[in-house]
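Before any comments, here is the structure.
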DNA sequence: ATTATATGTAAATTATTTTTTACATCAAGT
DNA sequence: ACTTGATGTAAAAAATAATTTACATATAAT
């Protein structure tokens with residue numbers, strides 16, 4: 001139960017309905033990792049957070065929200 | 001060997017010579033975690049990254065650098 | 001001289017993140 | 001009817017992050 005929320009799913013749909021697998025491939029992780037992040041099962045490592053933000057062309061703070 | 005560098009040590013000295021322990025306490029981790037991050041032994045979790053940035057009053061991107 | 005604070009290093013353990021594998025349902029297209 | 005792609009769920013294993021503990025050196029202050 002992480003204290004960090006995120007807009008990954010929203011951003012994924014905004015990004016031309018990008019699929020979980022497409023995002024996973026773009027980021028370089030497995031689909032399970034994307035699912036876990038979207039479902040807030042845990043929050044990602046800083047490296048994965050950077051990569052996700054990069055794929056969506058925004059800053060970490062625009063994707064992930066602390067508190 | 002993380003592909004992320006950081007300015008934690010620099011920011012710590014800029015912040016009135018804040019000690020490793022003072023930063024660790026402010027962030028809510030142990031001194032070993034701060035040491036590991038400063039020495040680039042590994043990069044922190046997203047949560048710890050957010051807290052460190054918060055302590056220094058800046059964004060994650062001003063503390064941590066991807067690539 | 002001794003106390004206190006800051007830093008350095010190291011190693012074992014615990015906790016968390018990520019991968020791997022597997023199978024399920026649903027909808028769209030052929 | 002069948003195939004394909006997208007999503008959902010689950011659980012074990014592997015990888016990485018973080019804690020705990022311990023001891024070392026150095027410097028500054030009393």
**Asked** Can you give the Kirkwood hydrodynamic radius for chain B, in Å, rounded to one decimal and based on Cα pairs?
**Response** 11.6 Å
**Asked** In nm, one decimal, shortest first: how far is the label point of residue A:58 (7 Å from Cα along Cα to beta carbon) from the matching points in the other copies?
**Response** 2.3
**Request:** Would you kindly work out, in nm and rounded to one decimal, the distances from the label point of residue A:41 to those of the same position in each other copy, ordered shortest first, with label points 7 Å along Cα-to-Cβ?
**Result:** 2.9
**Prompt:** Counting only other chains, what is the mean number of Cβ atoms within 10 angstrom of the Cβ of each residue in peptide A:37-43?
**Reply:** 1
**Fill in**
Rounded to whole angstroms and listed largest first, the alpha-carbon spread of the protein assembly as shown along its three principal axes comes to 48, 27, 21
**Fill in**
Using alpha carbon centers only, segment A:10-46 is separated from segment B:33-52 by a whole-angstrom value of 23 Å
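Readers should treat all values here as calculations from the given coordinates under stated rules, not as data from a laboratory. Small disclaimer: the values here were computed from a predicted structure and weren't measured. Cβ atoms come from the backbone with ideal geometry, glycine included; neighbour counts cover every protein chain shown.
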